[in-house]
Each structure stands twice: as C-alpha cells, then as structure tokens.
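I have placed the structure first, in the form of structure tokens, so that the comments after it can refer back to it.
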Amino acid sequence: MTATDVKFGEYGGQYVPEALMPAIEELTDAYERYVLENEDGFMDEFRERLRDFGGRPTPLQYAEHLSERYDSEVYLKREDLLHGGAHKLNNALGQVLLAKYMGKERIVAETGAGQHGTATAMAAAHLGLPCEIYMGKRDINRQRPNVFRMKLNGSEVNPVTTGRGTLKEAISETMRDWATNVEDTHYVIGSVVGPAPFPAMVRDFQAVISEEAREQAIEQTGGVPDTVVACAGGGSNTMGTFANFVDDDGSDGGTRTDLVAVEAGGSSLSVDEEAGVAPNSASLSTGDEGVLHGARTKLLQDRDGQILESHSVSSGLDYAGVGPELAYLVDEGRVRAANVDDDAALAAFHRLSRLEGVIPALETAHAFAWADENRDELGEITVINVSGRGDKDLESVVQETEERDVEGAVDMGEVFH
Ligand SMILES: *Cc1c(COP(=O)(O)O)cnc(C)c1O
C-alpha cells in the first residue's frame, strides 16, 4: 500500500481509538501481503471463488432500446447477475477470505438496508466462519426479508437501539465489537469507507467490475467507453466501476473516459439545520469536510460539525458520508459528481424495467436517471453499472409510485384492485 492509499489528498486517514490501531496495522499488513502481493495465492483463490460461487464474469450487455433513446451506444455492466443480486459479494467474499488467511475465527459486519449483511452472511457460510451482523432496530423492522436471508445463512443479527437505530449507529457498534475482540475477529466493512486500509482494500476487491468491463468494452466496441456512469452511496460500486478507467484520462492522446458518480438528491438539496436533516444523501455535491467512521471525507453536517440525518428513497444510498478516494477524485476533477432526486430515480426504475427487461435496484436507478436527464452529455459509447437488481425494492416502489406522480409508471392499481 502506498502512502497515497492511506490518504487521498486531504481525505482518508486513520481516525480511530488507540485500541483499534493494532487491528488496523495487522489488517494493513495482511492487505499488502495477500491482496497486493498475492501471497499464498490469495488473489487466485479469490478469483476462483468469485467465478464458481459468485458467477463471474458478469456480462457487459448492449442495451438496444436505451441506445436508440440516447443516440449513444449504451452497455449495461450486469452486477445484478452476481450471486446475491448486487455487487456487494465482491467485497464481502474478498474480506471474509482475507480473514480466513489471517487466521481469524469470527466475522462481524454492519448493515443498513441489509444488502451488505446478506452478502457477508453468504460469504461467511460459504467459507465456514461464524458471523454476527449489527443492524439498527428501525432497519430490522423495515427490511425483514434481508433479516431472514442473513439468519438462513447462519448469521446472528444483533439489533442496535442507540441513536436512530440505522446504519450510522450500526457501524459504530460494529467498530466497538471489533475493538473488543480484535484478536480473533475481522470486521467486514460494507463500502469504500472507514479508516485505511479499508477504502483502498474494498476498492481493490470491487475493481473486478471495471477490470472486466474495460476488457469487454474493448472487445465488443473496439475501444474504451467515452462515458462511465455509476450510482454512489458509500461509493464501492462507483470505485469498482471507475478504478480501471481512472488512467484513461486522455493524457496519452487516447480517449478521455468521462466518469460520473450519481448520488441521491432525495427530495431536495437544501438542509434543515434546525431539525438536523438533509433530505438527500448528496455528500459529494453538497457536503463539506469532516471526520466520520475513521476517515476524513465529505459529509452532510451542520455548522457545528454534527452529522445530519440523510435521506433517499433507496436505503442503500442513504448515508451521510462517502468514500475518501471518491471525494478526492471529484476534487481533482477526474470524477464528476452529479445527483438526481427521488422522483427521477423512480421514473428511471420503471423506464429501465419496461425498455430493457431489467428491473434495477432503486440505488442503480439513480445512475439511469442521470443518463436520461443528461443524454446530450453521453459520448459515443456509454457504460452504466447495474449495481443490483430491484426485487428487494418492489414493495416500496409500488407504494412510492402510488403516492406520487411518477413519469411513465405503470398503474399497479389496475392489477390489484
Ligand atoms: C449498497 C448498494 C449501493 C450503494 O453502495 P456503494 O458502496 O455506494 O456501492 C448501490 N447499489 C446497490 C444495488 C447496493 O446494494
């Protein structure tokens, strides 16, 4: 790991209690040896398991109807076809396997909507390690199917009742568990967030997305794409989708691939300081610098540095922070930060389902909504990452669609009433 992978400009770092430093150092050492240097064939085993258990490589699929609509050749990177239905397994499998190589005997993880928890539970069952997932009480009640999935895979689900009982508290609680049990336990963090080496390590596990996509694009279209779009919550599918394109910056006279990270604009970009609420999760676009969960990054916070309550119609994007490297790449001008609101994401959810026969996760729908609103800015060849499938969102989409006037939505009432 180079010094720039601990800090990304002013962002990143290791803002953790002293008790965690030995664990961080041990993990850094393991990351360098097994991931970066492929010691004991770690990366070979990781790739083999991603293939046989995960179903990789995922296709890069030409999307005929979107291409007509946008007058750009549009390709979908189908991470929704990965085992579990989202990109999250790439990271969970990598980290649980790393824990095994480190001789750890127990896995802990946090989860918000339950997607990372289910991916970690799957990986832990696959690799035969006991696993405990911390999840906010409120989220447990909102995400019952994912709680069942975790339990079916043999994981324990620990309710977190502090604060608002959501993701932020679940992360803090998991850090506490890790600090107490560092000797035998590994903490599988769910995105490119947290103290170093997590942001770089999670990026490297997710980079398989762009490693494949870049090769597939060259093979299928004869070159690298002009535009690559991904949605950003913590930023792990974004970093994974961008990683192998960052150097395609036009400096060698070749194509400059435009990288667009689409955040949740929620219901509004304005902030209610009084109530401590930002009705969005657009930390790249509207946040400012602060420290959260062990790293300096861009955050939704009030003037006193208190973290604001974030919001998005998609629970997987609902986080007040963002990965430090992504914040850095935006500041550097290599990645463009964009956002779309809840309504646009819902409309895109319906549109992609109808036009292409692909029902995306609500998180993913944000990337497609941006492409729709900015079709003039798409280059000749566009790759959009389908970070996950939408089965988990059907209930809430039907409900949200009934409550608002969503452009181009089918009338579900016709079916049910
Ligand atoms: C969790 C999730 C996200 C957001 O997380 P990132 O770390 O930003 O990738 C996006 N899409 C899907 C389908 C998810 O499950």
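Structure values in brief
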| read-out | value |
| --- | --- |
| Whichever residue in the range 357-392 is of a type in the set (V, I, T) and more than 8 Å from the ligand (Cβ to nearest atom) and, among such residues, is farthest from G222 (Cα to Cα) | I359 |
| Residue identified as surrounded by fewer than 24 Cβ atoms within 10 Å (Cβ to Cβ), aliphatic (A, V, I, L, M) and not assigned by TED's automatic domain parsing to the domain that holds D393 among L152, L93 | L152 |
| Hey, G163 of a type outside the set (D, E, K, R), farther than 30 Å from N244 by Cα and either in contact (Cβ under 8 Å) with a residue 60 or more places away in the chain or surrounded by fewer than 23 Cβ atoms within 10 Å (Cβ to Cβ) (or both) or not | yes |
| Sole residue being under 16 Å from G388 (Cα atoms) and either at pLDDT 95 or above or aromatic (F, W, Y) (or both), chosen from A123, A86, A113, A99 | A86 |
| All helices (runs of 4 or more DSSP H) inside the range 347-416 with 1 or more residues being under 24 Å from V228 (Cβ atoms) and over 17 Å from the mean Cα position of the chain (by Cα) | 362-373 |
| Flag for V291 being outside any loop (DSSP other than H, G, I, E, B), more than 15 Å from the ligand (Cβ to nearest atom), more than 30 Å from V398 (Cβ to Cβ) and among the aliphatic types (A, V, I, L, M) | yes |
| L308 vs. criteria more than 16 Å from the ligand (Cβ to nearest atom), of a type in the set (A, V, I, L, M, F, W, C), without any contact (Cβ under 8 Å) to a residue 40 or more places away in the chain and in contact with a strand residue (DSSP E or B) (Cβ under 9 Å, 6 or more places away or on another chain) | yes |
| V313 vs. criteria farther than 21 Å from Y70 by Cα and of a type in the set (V, I, T) | yes |
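Residue-by-condition table, conditions (1) without any contact (Cβ under 8 Å) to a residue 60 or more places away in the chain; (2) over 21 Å from A232 (Cβ atoms):
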{"residue": "D5", "(1), (2)": "no, no"}
{"residue": "M21", "(1), (2)": "yes, yes"}
{"residue": "E25", "(1), (2)": "yes, yes"}
{"residue": "A30", "(1), (2)": "no, yes"}
{"residue": "R51", "(1), (2)": "yes, yes"}
{"residue": "G54", "(1), (2)": "yes, yes"}
{"residue": "S67", "(1), (2)": "yes, yes"}
{"residue": "D71", "(1), (2)": "no, yes"}
{"residue": "G84", "(1), (2)": "yes, no"}
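The values are calculated or read from the model by the stated rules, or taken from the named source; none is laboratory data. Because the structure is a prediction, the values reported are computed rather than measured. Cβ atoms come from the backbone with ideal geometry, glycine included; neighbour counts cover every protein chain shown.
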